[in-house]
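Remarks on the structure that follows.
The values are calculated or read from the model by the stated rules, or taken from the named source; none is laboratory data. Note that the structure is a prediction, hence the values are computed from the model and not measured. Please note: Cβ atoms are built from the backbone with ideal geometry, for glycine as well, and neighbour counts cover all protein chains shown.
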Amino acid sequence: MDSYDRLKKDKTGIYCLYIVVFYLLVAVLAKIGWIATPWDKTVGKGYEPPSFISLELWLGTDIFGRSVFYKVIHGTRIAMSVGLVSALMSTPIGIVLGALAGYFGGWVDELVVWFYTTVSSIPNIILLIAITYVLGKGLTSIYFALGVTAWIGLARVIRGEFIKHKTREYVLAAESLGASHFSKIFKHILPNVFHFVIINLSIQFMSAIKAEVILSFLGLGVQGQPSWGVMIDDAKMELARGVWWQLAGASIAMFFVILALNILGDALRDSLDPKIK
Amino acid sequence: MWIYIIRKMFSTVPIIFGVALIIFVLFNMVGGDPTYQMLGKHANPKLIAEIRHEYGFDQPKYIQFFEYLKQIATFDYGRSYATRQRISEMISNGIAPSLSLAIPAFFLGTLLAISISLLVAYYRGKWIDKVFVFGCVFGMSLPSLAYILFGQYFLAYKKGWFPISGYETTWPDRLEYLLMPMFIWIAVSLGYDVRFFRTAILEETNQDYVRTARAKGLNEPRVFFKHVLKNSMVPIITNVVIEIPLLILGSFLLESFFGIPGLGSITIDAVHNSDFPVIKAMSTLISLLFILGNMVTDILYTLVDPRVSLE
């Protein structure tokens, strides 16, 4: 476990891990309804500026008098769910396709490489817009769009690693003991390259959150729920009237989790793969 | 050489076919009948039949696909549903505005990023390096929408330093409208670029030849600006060149916010109007331009770098 020890020594990295865990915790608590529920309750007049009278009001209210603080918390829930679901969908696709291509080579490899070159030839934002447009607005479309597009980077890395590992001695030893293809891929090679999956997760989580905000902002995403992107979209009209707190709340919430994921990604890379500096 | 170029061109054919297939399946099959996406679920039946006939949605799928391939080959994507304009015309009008924002912003931004990364890499480990690296991560973590809204609200609306939005067709007048989106573009990309370039330069400083140069008694500026700089330019230029095909895309958000009538704005307007033919055409065309750009980049690369093999 020396990679874990290395990570523990990286103080900033550990703090960032705590921040991400905190966001996840907030998301779970909001989901089961222990905090900030209901978010669409009227807590004051429309556009009340931030004040310290109560917790609900400390980020002010939106046009309908709903608490911006509660909306930020529920935005966190949506952002985290988008990150999580898209990672859960795309990671297995990336692992399996990358592993098959790298391990078997030949026409399997050519097919997989053709497939991901083709998908990555469509600029990502265009593909995301096209998928969410075709599937119809809403959270499900976003999950799906991110899930089916985000596997490419991981598949590329895993393919490269499998090509390197498949001729190593431990794999040949397993083969001579009669290990099947399946067991060589998943029992022998995969655990040795799994750190790339973990490093990839933090990057993927981050880009999923960013993409959700942009898609929701374009009106293709979350409907009738307080996502950060929707809040920033509202702010476009509000700023001219001097209402800055929705923009500030959503941006700051997003800023800290992205910052934490950025630094955590670097810390994970340094501790899990010390060869890359 | 010519054989290499021709082979390279042929190798993009399966990719182009794949892109066409994905976009076709996505738009004409996954989403169900596109007519409903354009008109909504409760349009009157006569209008539905008309639209279906006009855009050929009443044909069998393989004929639709064939028609779509024909559209790609002839660069004739029919008419927009919302504005009735010819789509090919909309696109050719949109390229110039997109590029007049993207090209200067890209080159100024890259130049600035390279200069800063040289500075911080030279003072690596010192406070100036730490401040800039922290600044980079900080800047990367701010949502790009926040830059845009802050710039537009504070610098343009409150301070009045720049026009809030707009565009001019003639050149010196156009610049006034492009300045602010250009600054925002540079600000958004600076963090990523500086961090990447700094890493690329620092990777070179660990190489053996640097130790040799130091061992033979060269002073630090000479080691850095003569030996390290030359070699670190290879990964930096690679990274810069790869981004050039993407410039055609412009920037969706910047164009839409600042009223620049480029390809990004056209796409976002089409999304808002549920303009099915335009979204499909834009997806296709931008992907094709992207593939083409990558191909040209690859070819130029082999011309410039003798080490890249022509196999």
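Name the single residue that is farthest from the other protein chains (Cβ to nearest Cβ) among those in the stretch B:121-147 being of a type in the set (Lys, Arg) and not in a helix (DSSP H, G or I).
Ranking the qualifying residues of the stretch B:121-147, first place goes to B:LYS126.
Tally up the residues in the stretch B:44-69 that are touching a Leu at 6+ places or on another chain (Cβ under 7 Å) and surrounded by fewer than 13 Cβ atoms within 10 Å (Cβ to Cβ), please.
Total meeting the criteria: 1.
Within the stretch A:211-229, track down each residue that is crowded, with 19+ Cβ neighbours inside 10 Å and either away from chain B (no Cβ under 14 Å) or part of a helix (DSSP H, G or I) (or both).
Correct list: A:ALA211, A:GLU212, A:VAL213, A:ILE214, A:LEU215, A:SER216, A:PHE217, A:VAL222, A:PRO226, A:TRP228, A:GLY229.
Failed condition for A:ALA179, given (1) under 22 Å from B:PHE257 (Cβ atoms); (2) part of a loop (DSSP other than H, G, I, E, B), with all others met?
(1)
Output the number of the condition that A:VAL148 fails; it satisfies all remaining conditions of (1) within 30 Å of A:HIS188 (Cα to Cα); (2) touching a residue at least 40 places away in the same chain (Cβ under 8 Å); (3) more than 14 Å from chain B (Cβ to nearest Cβ).
Only one criterion is unmet by A:VAL148, namely (3).
Looking only at residues in the stretch A:153-164 that are surrounded by fewer than 19 Cβ atoms within 10 Å (Cβ to Cβ) and not β-branched (Val, Ile, Thr), which one is farthest from A:SER120 (Cα to Cα)?
This residue is A:LYS164.
Would you be able to tell me the number of residues in the stretch B:216-270 that are within 12 Å of the chain's Cα centre (by Cα) and more than 30 Å from A:LEU128 (Cβ to Cβ)?
Total meeting the criteria: 0.
With the condition kept exactly as written, say whether any residue in the stretch B:181-189 is within 14 Å of another protein chain (Cβ to nearest Cβ), surrounded by fewer than 18 Cβ atoms within 10 Å (Cβ to Cβ) and among the β-branched types (Val, Ile, Thr).
no
Identify all residues within the stretch A:231-249 that are of a type outside the set (Asp, Glu), in a helix (DSSP H, G or I) and either crowded, with 24+ Cβ neighbours inside 10 Å or at the interface with chain B (Cβ under 10 Å from one of its Cβ atoms) (or both); write none if there are none.
Correct list: A:MET231, A:ILE232, A:ALA235, A:LYS236, A:LEU239, A:ALA240, A:GLN246, A:LEU247, A:ALA248, A:GLY249.
Please enumerate the residues belonging to the stretch A:1-23 that are buried (at least 18 other Cβ atoms within 10 Å of the Cβ) and part of a helix (DSSP H, G or I).
Listed by number, the residues that qualify are A:LEU7, A:GLY13, A:CYS16, A:LEU17, A:VAL20, A:TYR23.
For residues that are at pLDDT 90 or above and more than 28 Å from the chain's Cα centre (by Cα), tally how many sit in the stretch B:12-40.
Qualifying residue count, the stretch B:12-40: 0.
B:ILE164 is checked against (1) over 17 Å from B:ALA102 (Cβ atoms); (2) within 14 Å of chain A (Cβ to nearest Cβ); (3) part of a helix (DSSP H, G or I) and fails just one. What number does that condition carry?
Result: B:ILE164 passes all but (3).
If you scan the stretch B:57-67, which residues turn out to be out of contact with any helix residue (DSSP H, G or I) (no Cβ under 6 Å at 6 or more places or on another chain) and not acidic (Asp, Glu)? Please lay out each step first, then the result.
Of the stretch B:57-67, the ones out of contact with any helix residue (DSSP H, G or I) (no Cβ under 6 Å at 6 or more places or on another chain) are B:59-63, B:66-67.
Selection gives B:GLN59, B:PRO60, B:LYS61, B:TYR62, B:ILE63, B:PHE66.
Mind checking which pairs have a first residue in the stretch B:6-32 that is within 15 Å of B:MET295 (Cβ to Cβ) and a second that is of a type in the set (Gly, Ala, Ser), Cβ under 8 Å, 6 or more apart or different chains?
B:ILE15/A:SER121; B:GLY18/A:SER121; B:VAL19/A:SER121; B:VAL19/B:SER287
Would you check which residues across the stretch A:86-115 are touching a Lys or Arg at 6+ places or on another chain (Cβ under 7 Å) and aromatic (Phe, Trp, Tyr) and list them?
Scanning the stretch A:86-115 gives a single hit, A:TYR103.
For the stretch A:103-125, does any single residue satisfy the condition of being part of a helix (DSSP H, G or I), under 19 Å from the mean Cα position of the chain (by Cα) and within 18 Å of A:PRO191 (Cα to Cα)?
No, the stretch A:103-125 has no match at all.
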